[in-house]
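**Student:** Just passing along the structure, written as structure tokens.
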Amino acid sequence: MKKVTQCLILAAGNGTRLRPVSAGLPKPLVGFHGKPILEHVILRACQAGIESFAIVVGYRSDLIRSWFDCRSLGVSVTWVENPDYHKSNGISALKARGEIHENFLLLMADHIFEPGTAKMLLQQPLAADEVILAVDPNIDRIFDLDDATKVRRDGDQIVDIGKEIAHYDALDTGMFLCSPALFDRLQSATKDGNCSLSDGMRQLAAERRLRALEIGEAHWQDVDTPEALAHAEGVFDGYIYQEVIPESGARV
């Protein structure tokens, strides 16, 4: 099994709901335990084994690029501009299609996670036309259940996914191990120039090509509101992780 070393991060949204604490910054640059959220995402992905990144930016992308230029993270980054950042996140993923040609890790720029979870996901065997989603079966501990994306499983197969589904048994953590086939499904699911990740995932689910991987008791948190950010600060308070940086130089 070939090692997965590339990660796609979706960081284009305008973060409207986080604006009470963002002071006009794009959401990926909002502080979390002393560092921008995006820095946490990058460093934790590096610890899991990722070596290069394609990062989709849109809203105030100049600030994100300038921030990166002033850091010495030592990672290889390809920037992908999404001028349609007001649309759903599936469009952001599609903008990166030309940069992704092998299996990859897909992460959200506003989700904090444990590196061990991403590492476990990267170790899973993946067929040429499928996606594996890391899911949390501990529904009772979720901070904002109404806003969470839910999944319903049949064994290890996900058969339905979405925020509004009535019957579910786990939650979408925003961490995916993907084959490039995801882009075909997103393209097929696009209607009137728009699609969400869940739209593409539903197509994969209908084909029995969307698998679930339980994260056990590992922590994660979507930080798209001030309340969720404060909750995540508490969940990860005192959490220490080793900053493993690849030897490759940065490429912008």
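**Student:** By average Cβ neighbour count within 10 Å, what is the ranking of 162-173, 177-188, 50-61 from highest down?
**Tutor:** On the way: 162-173: 16.7, 177-188: 19.6, 50-61: 22.3.
Going from most to least packed, we get 50-61, 177-188, 162-173.
**Student:** Ignoring ligands, DNA and RNA, what percent of the 1.4 Å accessible area of segment 1-135 is carbon and sulfur? Walk me through the numbers on the way to the answer.
**Tutor:** On the way: 2450 of 5050 Å².
Using a 1.4 Å probe with all protein chains present, segment 1-135 comes out at 48 percent carbon and sulfur.
**Student:** If you don't mind, another one. Share of segment 195-234's accessible area from carbon and sulfur, percent, 1.4 Å?
**Tutor:** 48 percent
**Student:** Follow-up question, since we're still on this one. What figure in square angstrom, to the nearest 10, would you give for the accessible area of residue 220 with a 1.4 Å probe?
**Tutor:** Near enough 30 Å² of accessible area.
**Student:** Which percent, nearest 5, of DSSP beta bridges in segment 1-61 are antiparallel?
**Tutor:** 25 percent
**Student:** Taking θ as phi - 60°, what are the ³J(HN,Hα) couplings along segment 147-157 by the Karplus curve (6.51, -1.76, 1.60), each to the nearest whole Hz, with x for Gly and Pro?
**Tutor:** Calculated HN-Hα couplings, in order: 8, 6, 8, 9, 9, 10, 10, 10, x, 9, 9 Hz.
**Student:** Let me ask something else. Which Rg and Dmax, in Å, describe the Cα atoms of segment 1-114?
**Tutor:** 13.4, 45
**Student:** Provide the solvent-accessible area of residue 208, counting protein heavy atoms only and rolling a 1.4 Å probe, rounded to the nearest 10 Å².
**Tutor:** 110 Å²
**Student:** So, one more: Nearest 5 is fine: what % of DSSP beta bridges in the chain come out antiparallel, could you say? Could the numbers behind the result be given before it?
**Tutor:** Working: 22 of 43 bridges.
Of those bridges, close to 50 percent are antiparallel.
**Student:** For a 32 Å ceiling on Cα separation, which of these pairs sit above it: 2/191; 3/95; 95/119; 35/119; 27/119? Please list the in-between numbers first.
**Tutor:** Details: 2/191 34 Å; 3/95 24 Å; 95/119 26 Å; 35/119 22 Å; 27/119 25 Å.
Where the Cα-Cα span goes over 32 Å, the pairs concerned are 2/191.
**Student:** Based on C-alpha coordinates, I'd like the Rg and Dmax of segment 76-174, in Å.
**Tutor:** Final numbers for Rg and Dmax: 14.9, 41 Å.
**Student:** In Å², what does the accessible area per residue of the chain work out to with a 1.4 Å probe?
**Tutor:** Values: 10870 Å² over 252 residues.
Roughly 43 Å² per residue, with all protein chains present.
**Student:** Which log10 I(q)/I(0) values does the chain give at q = 0.08, 0.12, 0.18 Å⁻¹ under the Debye formula, counting every alpha carbon as one identical point scatterer?
**Tutor:** Relative scattering, expressed as log10 I(q)/I(0), comes to -0.27, -0.64, -1.68.
The values are calculated or read from the model by the stated rules, or taken from the named source; none is laboratory data. Worth saying up front: this structure is predicted, and the values here are computed from it rather than measured. Because the Cβ atoms are built from the backbone with ideal geometry, glycine has one as well, and the counts that use them run over all protein chains shown. The protein model used for the area step is the full one, side chains on, heavy atoms only, and it has no ligands, DNA or RNA in it. Shrake-Rupley method; radii C 1.70, N 1.55, O 1.52, S 1.80 Å.
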